[in-house]
Amino acid sequence: MSSDYEISDDDENYYDYDEDMIDGTQDEEEEDGDMYMDTYGDDFKVAPKNKRKPYEIEYESLSQAAVEKLMQEDVEHICGIFGVDGSTAALLLRHMSWNKERLIEKYMDNPSKVLVDAGVTVKEPSSPSAPVRSHSSSNSNSNANNGRRPTRSTSKLIGLASGSKSPKIPTVSPPALRPSKPTRPTPFVCPICFDDSPDLKPLSLDCEHSFCSGCWTAYVSSKINDEAEHCIRCMAEGCALVTPDPFIRALLLVEPTEPVGEPSLQKENVATWARFQELLVRHFVASNPNLKYCPYPSCTNTVSCPGAASKASLATVVPIVSCGRRGFGITEEMSQSQPVGMGLAAKEHKFCFGCPIESDHRPVVCNVAKMWLKKCRDDSETANWIKSNTKECPQCQSTIEKNGGCNHMTCKKCKHDFCWVCMGPWAEHGTAWYSCNRFDEKGSVEARDAQSRSRASLERYLHYYNRWANHEQSAKLSVELYTKTEKKMEDMQITSALTWIEVQFMKKAVEEVEKCRTTLKWTYAMAYYLARGNEKELFEDNQRDLEKAVEDLSELLEQPIEAENIPTLRQKVTDKTVYVQKRNDIVLEDTAMGFLEGRWKWNVAVEGFDEPEKVEF
């Protein structure tokens, strides 16, 4: 299966983005990409891809409409089995987190309980067991012989309350009792806003808890927009009935035959309905382990990746996927005020399917990447710094920092005198404080060894962290780099005969530098946890070659543009871009094959891998 991510990584594929958000699932973009490849594809002579690379994973990009189609198929499937309407089937599926098999099993066992638990129907009250009282013994006998008499009485009361004619008076009634005249229906008063206007429109669910349409609309809008709720229950206290989709749609959207209200309010209601549809899609995606919603702002696309749905698969593959769209939520006004060509507006939506990291963290697997980020966030390294620069009092264990050259230390807390070098009591040193002769003591040796190990661990961490942070900072400056490169591309057109298509080699080079810096950033996180051995040395050799190639290409991009040097610069940048891409593929492919073959060993315990033989740090 081909994927949008594979298309976007093609070395001969260029795009001119004129919109703030471009959906990669459309066929028009693929046709434009083919046209651009034919135009300037000679600059990058790379063999076309016939199959997926070892570090890539098979996936499919889905738009919101495609996901809604999958939801509708599940709803129709349940409708055909249970014989219920679409809104009821949708509520049942959401109650069971879209697990059709579990829903069918539960429904076949006890359909009434499932309907009540899902909020489709209300629980029926238990019928009273006491007989209905009467005014004569004959009526009493009649009630005893006829068990349906109380039911008929109940139906009469309901009919009377609904405005029907008065029931006939039994012949056994006392003479003084006369038929009562029909009472006038009381005006409706909303229990929420206490409005009793004659033109008020009361609405209720099957539970018959009536509220005015204004309160219903405000309640539903608040639940959707403020609380992000897709399961909206009745406003009555203690009522568990869930509002079906047609009820919410009728509240928010105006039918063509109905009068149109205030335009601003109607616009808000339309946006609320769209938000409600998005929440339903998000719930469906969250309930399906094969699907994941794009985490980028203002994006509603979804990715299907069954190959990374299990935890076991995350130990052999890094499931980096793309939803097929580009851009970072740039507004329409921004896109109209300035042309969208490079930078954030053209960035592809890449993220990890297997973990919450919202970026490409290849070549390191998800569990190691999360360990590294946690180590960078927490205070563990602060504790290492304290251990490296301070010592604890041998008597009260208070942390002490040396602020002078004398090794005679006095704890301010417990007033204990000790030697800073050997941590032994100062009284045993006599007057020779400057010549400590207690280095062979067991306790002193252990203290010095712990101090040395802590300092070595801190220096090792800082070695990898500084290089990781350097490449991360360079990636953050990519916006400025894109702007400078676009300006150089415009200067090339002015000072030479090159067209806009022919100067795209600069854009391709910048994109390749940014992608490779992301790879380099995560190689340092992986190297920090790799166990010592030949595999780690080969990994660091590939890392070194890629880093040198990226720095050479970055230096070429920083060179000033001169008209007579443009052809030479173009050739150098093109050649170096292809070489950088090849080095990046070598790093990613070798690492991916190592995970598949089980070659990588860690110096700490990593979920999904064998326990380390020896924990180095």
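The values are calculated or read from the model by the stated rules, or taken from the named source; none is laboratory data. Fair warning: this is a prediction, and the values are worked out from it, not measured in the lab. Glycine also receives a Cβ, built like all others from the backbone with ideal geometry; neighbour counts cover every protein chain displayed. We work out accessible area using only protein heavy atoms, side chains counted, and drop any ligands, DNA or RNA first. Shrake-Rupley method; radii C 1.70, N 1.55, O 1.52, S 1.80 Å.
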- Residue by residue through segment 258-296, note down the ones that are assigned to a helix (DSSP H, G or I), surrounded by fewer than 16 Cβ atoms within 10 Å (Cβ to Cβ), over 21 Å from the mean Cα position of the chain (by Cα) and not hydroxyl-bearing (Ser, Thr, Tyr). PRO263, LEU265, GLN266, LYS267, GLU268, VAL270, ALA271
- With respect to VAL580, is the statement that it is within 30 Å of GLN493 (Cα to Cα) and in contact (Cβ under 8 Å) with a residue 24 or more places away in the chain true? yes
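Can you name every residue in segment 584-596 that is out of contact with any Ser or Thr (no Cβ under 9 Å at 6 or more places or on another chain) and open to solvent by 10 Å² or more (accessible area, probe 1.4 Å)? Can you show your working first?
Of segment 584-596, the ones out of contact with any Ser or Thr (no Cβ under 9 Å at 6 or more places or on another chain) are 585-586, 589-590, 593-594.
Of everything in segment 584-596, those that are out of contact with any Ser or Thr (no Cβ under 9 Å at 6 or more places or on another chain) and open to solvent by 10 Å² or more (accessible area, probe 1.4 Å) turn out to be ASP585, ILE586, GLU589, ASP590, MET593.
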- Task: Please go through segment 196-208 and pick out each residue that is open to solvent by less than 80 Å² (accessible area, probe 1.4 Å) and more than 30 Å from ALA286 (Cβ to Cβ).
- Result: SER197, LEU200, PRO202, LEU203, SER204
- Note on the structure: If you go through GLY327, GLY424, GLY341, GLY430, the only one that is surrounded by 15 or more Cβ atoms within 10 Å (Cβ to Cβ), at pLDDT below 85 and at positive phi is GLY327
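Take segment 283-298 and flag every residue that is touching a residue at least 40 places away in the same chain (Cβ under 8 Å) and over 17 Å from GLY324 (Cβ atoms). Steps first, answer last, please.
Residues of segment 283-298 touching a residue at least 40 places away in the same chain (Cβ under 8 Å): 283-285, 287-288, 291-292, 294-296, 298.
HIS283, PHE284, SER287, ASN288 - these are the residues of segment 283-298 that are touching a residue at least 40 places away in the same chain (Cβ under 8 Å) and over 17 Å from GLY324 (Cβ atoms).
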- Message: Just to be sure before I move on: is CYS376 within 29 Å of the chain's Cα centre (by Cα), modelled with pLDDT of 85 or more and open to solvent by 30 Å² or more (accessible area, probe 1.4 Å) in the structure I sent?
- Response: yes
- Query: Which of the residues that make up segment 504-550 are farther than 15 Å from VAL587 by Cβ and without any contact (Cβ under 8 Å) to a residue 24 or more places away in the chain?
  - Reply: GLU511, ASN534
- Task: Could you grab me the full set of residues in segment 103-141 that are aliphatic (A, V, I, L, M), open to solvent by less than 70 Å² (accessible area, probe 1.4 Å) and at pLDDT 90 or above?
- Result: LEU103, ILE104, VAL114, LEU115, VAL116, ALA118, VAL120
- Give just the number: which of (1) open to solvent by 30 Å² or more (accessible area, probe 1.4 Å); (2) of a type in the set (D, E, K, R); (3) at pLDDT 50 or above does GLU333 not satisfy? (3)
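Go over the candidates CYS193, CYS234, CYS299 one by one and state the one that is farther than 30 Å from CYS355 by Cβ and open to solvent by less than 50 Å² (accessible area, probe 1.4 Å).
Values: CYS193 fails: open to solvent by less than 50 Å² (accessible area, probe 1.4 Å); CYS299 fails: farther than 30 Å from CYS355 by Cβ.
Every option except CYS234 fails the conditions.
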- Query: Mind checking which pairs have a first residue in segment 479-497 that is more than 16 Å from LEU569 (Cα to Cα) and a second that is of a type outside the set (Gly, Ala, Ser) and open to solvent by 50 Å² or more (accessible area, probe 1.4 Å), Cβ under 7 Å, 6 or more apart or different chains?
  - Reply: VAL479/LEU344
- Task: Would you point out the residue of segment 558-577, among those that are surrounded by 16 or more Cβ atoms within 10 Å (Cβ to Cβ) and in contact (Cβ under 8 Å) with a residue 24 or more places away in the chain, that is nearest to GLU502 (Cα to Cα)?
- Result: ARG570
- Message: If GLU555 satisfies all but one of (1) over 19 Å from LYS507 (Cβ atoms); (2) without any contact (Cβ under 8 Å) to a residue 24 or more places away in the chain, what's the number of the condition it fails?
- Response: (1)
- Within segment 253-268, identify whether any single residue is modelled with pLDDT under 75 and touching a Gly at 6+ places or on another chain (Cβ under 8 Å), and answer yes or no. no
- Going through segment 489-514 one residue at a time, which ones are open to solvent by 40 Å² or more (accessible area, probe 1.4 Å) and under 16 Å from ARG467 (Cα atoms)? none
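Yes or no, residue by residue, for (1) of a type in the set (Asp, Glu); (2) closer than 18 Å to ARG282 by Cβ; (3) in a helix (DSSP H, G or I):
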| residue | (1), (2), (3) |
| --- | --- |
| GLY214 | no, no, yes |
| VAL220 | no, yes, yes |
| GLU227 | yes, yes, no |
| HIS230 | no, yes, no |
| ALA240 | no, no, no |
| ILE248 | no, yes, yes |
| LEU251 | no, no, yes |
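Restricting to segment 524-543, and then to whatever is part of a loop (DSSP other than H, G, I, E, B) and open to solvent by less than 60 Å² (accessible area, probe 1.4 Å), can you tell me which residue is nearest to HIS361 (Cα to Cα)?
ALA531
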